[in-house]
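Single-structure report; data block below.
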């Protein structure tokens, strides 16, 4: 036995087709339906959502800075938390429909690290997603931070806190925190799109966007909730 | 080796250009992209940036196309949703197709076309920044802009840990798949949940170890390092200026002609 | 079962082609060692053979039947070929050892009793029956490595591919791992291991695959590792018994200390 | 500078006492190898010597002056003693190689220009000047390991403690690392390394420290590694040249292939 030679030559056009069709298997975070892509929002909307998100992010940065001034070692821990959020959102989740989908992970983040910190970490995560995965955008960053970094974590955290007060089992708390955080993110995104393209009215447009994205997002939210239950079960057993 | 955009950025000839210069090109283009009439403005933007990317920034054309295709799912879903109207068509619109409360009109298709163009051109601009500027350079730029050091330290560490954790995630996932953990939805959800837990545990473990490693290197508060100093490039700035002016001029002229 | 690869190509856009037309054969009864520099593509090759990596060209075949990268094809393949990677930390994802080892059997659809039996058998073969109820994060590195192998063994594969099974172990740990591997072989499993340790490769292996420049050369281990040109090209080192034999002008190829001593006396 | 430990005890709540009264001396001009089984406490001992781990008892002293575990005392100590951990991912925090290496010098309070000079010197000594602007995550394992050493070298320490510097490297990578270590020695740095590779320990080291059961034995490397009782107790293995010499009844202690050949001829 020796070295084997011979390799098929692939034409450029075949190569192109192959690159485009296989990128999803090699590239994390190919397609999620929840981040508004670059160029999708008119200038007033892009600016408006950035202004709306800014106070939360600034508050998050302040909270984070205060925390690491007191505990310098938390710098690495918080970075690990952010990296975890990014990785989770870049992983392909099992899906019912067969289309690939990614968890938002903001529900778990909100429970583990609290919403203010998540506002800051999510901003960095979204910036990384825009620049490392061409996922989301820069002019749409404010809108995406609002839906994924603010609305999602607060709704998730709210559900978690309310169910905790009601003494619901941990599994139930986690399921609803994760699922509702995901749902809230997608509903806010639908609302943002409806506001930008109110055709003919914001209400009708919201119903339209919400319905179309619901096809992928509702099963996804349920699965994300179930994944959360497994996640916290494993964490508790360690 | 999943992050091909990042890999391209580290080897880009445009890495030598100051981040501020590139930021001017990209943000200027992004703003004009949203302001100029979409057709033919956005096509011009996309074409110009593609030429700049492939001819000057030496981006592999396969990577360029693949990166532009990444937001495709969202863009197509979004654009088709905009083309589809719900409720009675506005007075004066030209209906092309209707079914019950649903309608597609010339105006809604035009709007969808506008968004499609802006999204394509905008994605070109963001990807051009992404393939020519590694994250560390952007973090340094953030520090110069006065973002608090701890926040930038966390962003920089996040970027570093990302790759370490990604390796873990890929390994855990393939180990699970090898033992048939992704056969059937039920098992898949369980495996994915324990994958998430595994990555989180590994994140904690890594952060604790890195914290110890750093304290051995004298880490007390800020993570001070040397920064790359890249002078402004007059040629690049002149070209950027000319490009933005041309875009603005065509935009103004175009809106006069096309209304 | 004979596991083969032919004309295998694989690569990543950022690094170019890692494997560039590779053909190898893993036959039952052989002990194959896989050698090559860091980054030469050893791990990618193991990934292709196990089905974890989809090659860009070429085929992987089990008993002559090409592997289909469909859900069905991969499931069948994974029952017969198992890969254990170098770092055990990322392969143990359950809280305790027994749970982790039972992951595969339960996914095969076995009953709890059958799975329990498989777990006991696998732990036994690896010599770690006493660890069954321990928490995975409390184990030593060497114990973790053996648990990771047990997880694959519980699938009862025909072929077990091990990436650096002895790396990072102390000399006693290496001996324990090799003893466990010998028990697995006696149990009918064909073992292939990738290693940087050329002395170990020579003393343990029968067949060798040397990967260099995207290509692979396969042959008897003592022959390949004694080939100075190949060893240099592959950034390896000639094992000391072969180096000693060459320098003394022997025509034999001793594989370890005992064979050297026999030759000397 | 002589680095010493006396009566050192250390432990973790979960594992009990790891070091139980250890005394060692690291003298300039010596090449000390630290040997012991996985979990024997080698890494803990290195941690104590570098100041990273606070011992529960005993002292670490530099030129006879005991180390104080205050911020001031530790800062002084770290200028002179640097530890490089086994896994480079535990120490490299920056995604940019040059920036990472500059961390130590800037922490010493050096100016940017001086720091830049130190970075260039350190990368040069490690033979990785070409990696200065590369991304940490794109490096091979061997390259990462050398960058981690460069980060310590940029502090210009008198003593460099390396935990498993050659583990996981291919034979070429091991050679590159040893060549870099030789340059550092020529530059005046005293090197101590912990390793599982007894053959390497014998051929490279002059003095050895064997850690077993919480205690340490220090002596000439060929003597300790030829001591069958000690080697067995410490879960090690006798290096092949010493084993060969014993089996052939030689009175000499050859350290590597060349010395074996000289004896044979």
Compute from the Cα atoms of segment B:37-186 the Rg and the Dmax, the latter being the longest Cα-Cα distance, and quote both in angstrom.
22.0, 62
Inter-copy distances for residue D:66, label 7 Å out on the Cα-Cβ vector, sorted ascending, nm, one decimal, are 7.4
How far is the Cα center of segment C:227-247 from the Cα center of segment C:92-167, in Å?
37 Å
Have a look at the DSSP beta bridges in chain C and tell me what percent are antiparallel, nearest 5.
60 percent
Dividing the alpha-carbon radius of gyration of chain B by 2.2 N^0.38 Å, where N counts its residues, gives 1.30
Ratio to report: Rg/Rh of segment C:113-254, with Cα atoms as the point set and Rh obtained by the Kirkwood method; give two decimals.
1.05
For chain D: relative contact order, % (alpha-carbon pairs under 8 angstrom, 6 or more apart)
23 percent
Checked segment D:1-126 against the a/c 1.5 cut and the a/b vs b/c comparison, axes a ≥ b ≥ c from its Cα gyration tensor; verdict prolate
Other-copy label distances relative to residue C:113, 7 angstrom Cα-Cβ extension, nm
8.2
Here segment D:223-265 gives, from Cα atoms, an Rg and Dmax in Å of 10.6, 34
Can you tell me which of B:134, B:88, B:234 moves the most in a GNM of chain B? Springs connect C-alpha atoms under 10 Å apart.
B:88
Debye sum, Cα scatterers, segment A:34-237, no solvent: what log₁₀ I/I(0) at q = 0.12, 0.18 1/Å?
-0.59, -1.31
Across the identical copies, how the residue C:264 labels are spaced - nm, sorted shortest first, 7 Å along Cα→Cβ
0.8
In the protein assembly as shown, what % of DSSP beta bridges are antiparallel (nearest 5)?
60 percent
Say we join alpha carbon atoms closer than 10 Å with springs in a Gaussian network model of chain C; which of C:26, C:45, C:106 then has the biggest fluctuation?
C:106
Treating every alpha carbon of chain D as one equal point scatterer without solvent, the Debye formula yields log10 I(q)/I(0) values at q = 0.10 Å⁻¹ of -0.52
Running a GNM on chain B with Cα contacts under 10 Å, which residue among B:21, B:137, B:221 ends up with the highest mean-square fluctuation?
B:221
Using every alpha carbon pair in segment A:153-206, what percent of pairs falls into each 5 Å bin from 0 up to the bin containing the largest distance?
5, 23, 19, 13, 11, 11, 10, 6, 2
Using eta = 0.692 mPa s and T = 37 °C, Stokes-Einstein with Kirkwood Rh from Cα pairs puts D for segment B:140-216, in µm² s⁻¹, at 227 µm²/s
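Considering all alpha-carbon pairs of the protein assembly as shown, what whole percent are spaced by more than 42 angstrom?
Cα-Cα pairs of the protein assembly as shown separated by over 42 Å account for 42 percent.
None of the figures in this text is laboratory data; all of them are computed from the coordinates on show. Because the structure is predicted, anything quoted here is derived from the model rather than measured. Backbone-built Cβ (ideal geometry, glycine too); neighbour counts: all protein chains shown.
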